[in-house]
Amino acid sequence: MTRLIAESPLLITLMLGILAASLIYGWLQSGRKQLAIAGAILACLIPVAWIVSENWVTDREQIERLIYQTADAVEANDHQRAVAVIGDEGVRRRALLELPQWEFSQADVGSIRSIRLIEETVPMQADVDMTVKVEVSNQRGGLHNFRVPRRLLLTLEKRDGQADQANGGWVVTQYEHLPIVGASGNFSNPAQ
């Protein structure tokens, strides 16, 4: 229910609007003041739903923000900022070895297929399945402006007080990039 309230204000607005209109219609048909009052209260809750939705940032929204900020850092070839979201030292070293091999001229998030929060873990974890589109040139001079779509699998962990609080404390603990379909390819990095 909290996800519905925080992330879907249009749906909440439609539900409140239909209920308010039904109650007001019932008042017009029956003359019962209680229906009019209840309908007016529900109608007044519509702007409240939008205000709550704008100010309540969920874990999914924090993770999404983190993903887009990291994509901007990768596109800017700012490797230190790109790996700052990685909370595992071994994974950070691996990323710092991979990233300098390429010069990125584009790094866009294609679609976020799923963000699955695993709430029964301590600390809370999330799995992200997404597609990205990158345009890269090989630093060794082999490939120039090679455009490739990739599937990116992330495992994130929520760490209170340790990570950037603008991201809600979410850090990447594992990542794997693969072809959009099929098994690992030449440019893949299976999780180690």
### Task
Answer yes or no as to whether R147 is part of a helix (DSSP H, G or I), open to solvent by 70 Å² or more (accessible area, probe 1.4 Å) and over 13 Å from H177 (Cβ atoms).
no
### Message
Within the range 16-54, take every residue that is open to solvent by less than 40 Å² (accessible area, probe 1.4 Å) and in contact (Cβ under 8 Å) with a residue 40 or more places away in the chain and give me the one that is nearest to D127 (Cα to Cα).
### Response
S53
### Message
Just to be sure I understand the filter: pairs with C-beta atoms under 9 Å, separated by 6 or more residues or on different chains, first member in the range 77-93 and at positive phi, second member open to solvent by 20 Å² or more (accessible area, probe 1.4 Å) and part of a helix (DSSP H, G or I). Which pairs pass?
### Response
N77/L99; N77/P100
### Task
May I ask you to list pairs of residues, at least six apart or on different chains, whose Cβ atoms are under 9 Å apart, with the first in the range 104-126 being over 17 Å from V171 (Cβ atoms) and the second being polar (S, T, N, Q) and open to solvent by less than 40 Å² (accessible area, probe 1.4 Å)?
F104/S137; S105/S137; A107/T70; V109/T131; G110/T131; S111/T131; I112/T131; R113/T131
### Message
Checking D160 against (1) surrounded by fewer than 15 Cβ atoms within 10 Å (Cβ to Cβ); (2) at pLDDT 90 or above: exactly one of these is not met. Which one?
### Response
(2)
## Note on the structure
When V57 is run through (1) crowded, with 17+ Cβ neighbours inside 10 Å; (2) of a type in the set (A, V, I, L, M); (3) touching a residue at least 60 places away in the same chain (Cβ under 8 Å), the failure sits at (1)
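The values are calculated or read from the model by the stated rules, or taken from the named source; none is laboratory data. It should be emphasised that the depicted structure is a prediction, and the values quoted were computed from it without experimental measurement. Heads up, the Cβs are rebuilt from the backbone with ideal geometry, glycines too, and the neighbour counts pull from every protein chain shown. Quick note on the areas: whole protein, heavy atoms, side chains included, nothing else; ligands and nucleic acids left out. Shrake-Rupley method; radii C 1.70, N 1.55, O 1.52, S 1.80 Å.
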